[in-house]
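Where a number appears in this text, it was derived from the coordinates with a stated rule and is not lab data. None of these values were measured; they are calculated from a predicted model. Note that we place each Cβ from the backbone using ideal geometry, even for glycine, and neighbour counts take in every protein chain shown.
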Amino acid sequence: MSHQHAKLAKTFLAQSKKADWHDKTLWKVRKLRDKVSGEVDEFQELREMASQIKKHTLTHLDEYLLQFERKAQGNGIAVHWARDAREHNEIVHGLLKEKKITQVIKSKSMLTEECELNRYLKERNVNVLDSDLGELIVQLRRETPSHIVMPAIHLNKEQVGEVFLQEKLTEEYSNDPQYLTFRARTYLRDKFLNHEASLTGVNFAIAETGGIVVVTNEGNADLGVNLAKVNIHCMGIEKIIPSFKNLEFFIRLLARSATGQPISVYTSHYHKPRPEQARHIVILDNRRSDRLGEERFYEALKCIRCGACMNTCPVYRNSGGHSYTYPIPGPIGSILAPKMDLKKHRDLPFASSLCGSCTYVCPVKINLHQQLFDWREEIAKSDESFVKKKYLSYFLVKLFSRHFLTKFFFGLLKWLLRVTPKTFLKRNNWGKYREFPKIPQESFAEWYSKNGKNFERET
Amino acid sequence: MLSGILKTGKILKEKLNSRDFILENIRKNVKKLGFNNSLPAFQERGDSSLTSKVELEAFKKRLASVHAKVEVLSSLASLNDVLSKNQVNAQKILVDAGGEVEIKGSLKMPAAKRALGEIEWALIHGEMGVEENGAIWVNLDLLTHSALPFITENLIVLLKQKNVVKNMHAAYEGLAAKKSSNGVFIAGPSKTGDIEHNLVVGAHGARSLLVLLY
C-alpha cells in the first residue's frame, strides 16, 4: 500500500492556517450550491434527467459520435480522432505546425491537463498561454491546477502578488485581488488580439447540431475563439449530448452545482466558423471506451466536471488538490485515475471516508462513493500488500465467532488501552491526529449481567 | 483460400484508423455492458412550469444580482437620454444592433483587429432574456464582429420586455429555430473568483453590463 496521498496531504497540512482557510472556503461554496439549488423546485428532477440523458448517450455513444461528426463537418468544422494522449497532442501540434503558429492561447481544459499538452508543445517550441486567471497563476508558478473549477484555490493572494511581480505583470508588489485581476486582464488582452490560434475545452458537444458549448465566467474562451484565426476545441468522447434541447437540464445544473451561481456569465454555443476562421475539434478516447464495458465504473463517464464533489469532500478540503496524484483531484479524480494507471494511483480510492457526500451533490448522479469502494476491491485483488489485511480478517473472523475468545480479547484490549503510552499512537499515520478512546471501568456486558434483569420486558 | 485468410489477418493486424478503432471499441464495450437506456421524459413541477407567467420584476432583480445595471425605456426614442444619464458618450459608443437603432456620432467598426481592443462601449441587440438566471441570448452571427460583446470594455444590451422567458426550458424551446447558430447566454459582466475566492467583477470580458429594456 502506498501512502502517496497521505504524504502529500501532510505537506499541505503543515501550513495549518491556509489549510483551515481552504477547508472553510470550499465548504462555503458547497453551502452556496445548496442555497441556489434549493431555489429550484424541480432540482432533483433535473438531476435525474441529466443522469438519464447521459446514461442513454453512453449506451448509444457510437451513433451520437457519428452524428456529431457528420453535422460538425456540415458546419465546416474539421473533426479529428485521437486514441490516446500522444495522438491528441500530435494532432494539435500538427494543426499549429501546418499554419506555422508558435503561440496559442488556451482557456480551461482539464483534458489538455490529462494529456500534458502544454509540456508536449513546449518541447516542440510552441508556447501555450493559459488565459483563465487561476490557470494563468498556476502556469506562472510552474504548477498544476489544484481544483478543476478554481485552479489556484491552494494559493493566497500574497503568493499571487509575488508571482505577478516576479513575472513582471505588475511593477510594484500588490496583493489586491481587484488590481491583480486588472493587471492579468491588461496582459492577456494584448495576447488575445495578437495570437493566431486559440484552444478551448468543451463542456457539451451537441450531436444534433454538430456544435459545442463552452462555459466560462471570465470570457476568456470567447475572446480566444472569436479573435483567433484557428480554433481548436479538445473534448473527450463522453462530452456528447443528443440534442440542443437537452442543454436545458445541463445548463440549469452546471453553475448551480459548481459555484452556486444560477448560470455562469458566458454560456457560448459555437457552430459554423466565420469565413476567415478555421475550426477544429479533436475527439479523445484515452481509455474512456474501455471503461464503457465495466458495469461498476462506466458511470464515471457521465461527469460534467462541475467540481461539486471536491467542494463537499472532507478529505479533499483537508488535503488540497495537489495531494492527489492525478490532474483531476477529489472523489471524481479518485475513480477516474485508477483506470489510467492502477499502480500509480492505487491509494486514491482510499483517500475517502466513504461518507457519500459526493454522491449526494453530483448533478448527474454518479455513484461516486460506491465506485470508490469498488475500486478498493479491485486494488486489493492486485496489491500484494493487502495480504496482511487478508490474514487479519481471517484472524478476526475466528476471534469473533467464539464467545470466550471475544470476551478474552476485549478484556485484553481494555487493559492494553489503559497501559499503552499515548505516544505510541502518534507513531502511526492514522493515529497521529487522534486520541485513544476513554475506557470505562465496566463493560456493557458486565453491567448487563448485573443489571439486565431489572429491564427485562414483561411478557 | 489460404492467401485470402492471410490477407484478412494482415488487414486486422494493420492499425485501424483511430476513428474506427474508437467506434469499434465503444460498440464492443456497450454490448458488454448489456443494456440500452432510452431517453426519459421530463415532467416539470413546481411554480416554474413553462406556462407560468414571466415576472419582469424578478428578471430585473436577477440582473442586479449578477451585477448588471437595468434601465427601462419608455420607447426607443428615449435611448439617447438614458445613455447620457448613464454617462455614455455618443462619440465613444459602437452600435451593432442590426440597424434597429442609430446614434448620431457613434463609432464605426474598426477594420483592424487590434483596434477592437480600444472599444469603450458597445451597444448590441439581445434576442431573449431568462427570468430564472438573468441571462440574455445574443446571436453572434448577426454581429459585424463576433468578438464585440466580449472585447468591449462595457456592454449595453437592448432587450424587448416581451422577449423575456421564464427559465432555460422555455429558452431552449424558443431557440429551436436557431439551434445551429453561434450564440451566447450572457449573464452580467465578466467575473472571477480565482484569487482567494474574492469576487472581482471585470475579468477578461466586458467589465460592466447595462441592460436596456423596452
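If both residues of a DSSP beta bridge must be in region A:139-293, then about 40% of such bridges are antiparallel.
Taking each residue of B:169-176 in turn, how many C-beta atoms of other protein chains fall within 10 Å of its C-beta, and what is the average? Could you put the intermediate results ahead of the total?
Working: counts 6, 1, 4, 8, 2, 0, 5, 3.
Per-residue shielding by partner chains comes out at 4.
Inter-chain Cβ neighbour count for B:133-143, averaged per residue, equals 3 (cutoff 10 Å, partner chain atoms only).
Each listed q (0.14, 0.24 Å⁻¹) maps to a log10 I(q)/I(0) for region A:153-218, found by the Debye formula over equal Cα scatterers with no solvent: -0.61, -1.04.
How many percent of DSSP beta bridges within chain A run antiparallel, rounded to 5?
Numbers: 8 of 34 bridges.
Among the beta bridges of chain A, antiparallel pairing accounts for roughly 25 percent.
Using only the Cα atoms of region A:196-282, build the gyration tensor, take square roots of its eigenvalues as a ≥ b ≥ c, and label the shape rounded, prolate or oblate: rounded if a/c is under 1.5, else prolate if a/b is larger than b/c, else oblate. It is oblate, given that a/c is not under 1.5 and a/b is not larger than b/c. The magnitude of the dipole of region B:27-182, with charges of +1 and -1 set on the Cβ of Lys/Arg and Asp/Glu and taken from the Cα centre, is near 840 debye.
Given chain B, what percent of its DSSP beta bridges are antiparallel, to the nearest 5?
Values: 9 of 31 bridges.
Approximately 30 percent, going by the DSSP bridge assignments.
Label-to-label distance, A:E435 versus A:F400, with points set 7 angstrom from Cα along the beta-carbon direction: 2.7 nm.
For region A:194-342, the pair-distance distribution built from all alpha carbon pairs, in bins 10 Å wide starting at 0, is 10, 34, 37, 17, 2 percent.
Label zone (A:F386, point 7 Å along Cα-to-C-beta; backbone nitrogen cut-off 18 Å) within region A:297-328: A:297-298. Taken over the alpha carbons of the protein assembly as shown as equal point scatterers, the Debye sum produces base-10 log I(q)/I(0) values at 0.05, 0.07, 0.11, 0.12 Å⁻¹ of -0.28, -0.52, -1.14, -1.34.
Legend: translational diffusion of region A:364-459 by Stokes-Einstein, Rh = Kirkwood radius over C-alpha pairs, 37 °C, 0.692 mPa s; D = 185 µm²/s.
Count Lys and Arg as plus one, Asp and Glu as minus one, and take only other residues whose Cβ is under 10 Å from that of A:K55; the net charge is then +2.
Sorted fewest first by neighbouring Cβ atoms within 10 angstrom, A:S131, A:S37 come out as A:S37, A:S131.
For chain B, the pair-distance distribution built from all alpha carbon pairs, in bins 5 Å wide starting at 0, is 1, 6, 12, 14, 14, 11, 8, 6, 6, 6, 4, 4, 3, 2, 1, 1, 0, 0 percent. Computed over region B:34-171, relative contact order equals 27 percent, with contacts defined as Cα pairs under 8 Å that lie 6+ residues apart. Judged by a Cβ-Cβ distance under 4.7 Å, the unpaired cysteines of the protein assembly as shown are A:C115, A:C234, A:C303, A:C306, A:C313, A:C355, A:C362. Modelled label positions at B:S52 and B:L16, each set 7 Å beyond Cα in the direction of Cβ, lie 5.0 nm from each other.
Helix-derived [θ] at 222 nm for the protein assembly as shown: sum -39500 (n - 2.57) over DSSP H runs of at least 4, divide by residue count, nearest 500?
-12500 deg cm²/dmol
Label reach from B:A64 (point 7 Å along Cα→C-beta): in region B:152-189, amide nitrogens under 17 Å belong to B:188-189. Each listed q (0.13, 0.25, 0.27 Å⁻¹) maps to a log10 I(q)/I(0) for region A:259-338 from the Debye sum over equal C-alpha point scatterers, namely -0.64, -1.17, -1.24. Relative to its residue count, region A:1-137 spans a Cα convex hull of 226 Å³ per residue. In this structure, the residue pairs whose Cα-Cα separation is over 21 Å, taken from A:K100/A:K191; A:K55/A:K344; A:K35/B:K179; B:K108/B:K162, are A:K55/A:K344; A:K35/B:K179; B:K108/B:K162.
Our summary gives region A:225-315 a relative contact order of 43 percent, counting only alpha carbon pairs under 8 angstrom and 6 or more residues apart.
Assuming R0 = 35 Å, what is the FRET efficiency of B:K85 and B:A176, from their Cβ-Cβ distance, to the nearest 0.05? Please list the in-between numbers first.
Details: r = 37 Å, r/R0 = 1.07.
My answer for the efficiency is 0.40.
Contact order for region A:268-369, expressed relative to its length and based on alpha carbon pairs under 8 Å spaced 6+ residues apart, stands at 26 percent.
Distance from the Cα centroid of region B:68-118 to that of region A:30-105 is 36 Å (rounded to whole angstrom).
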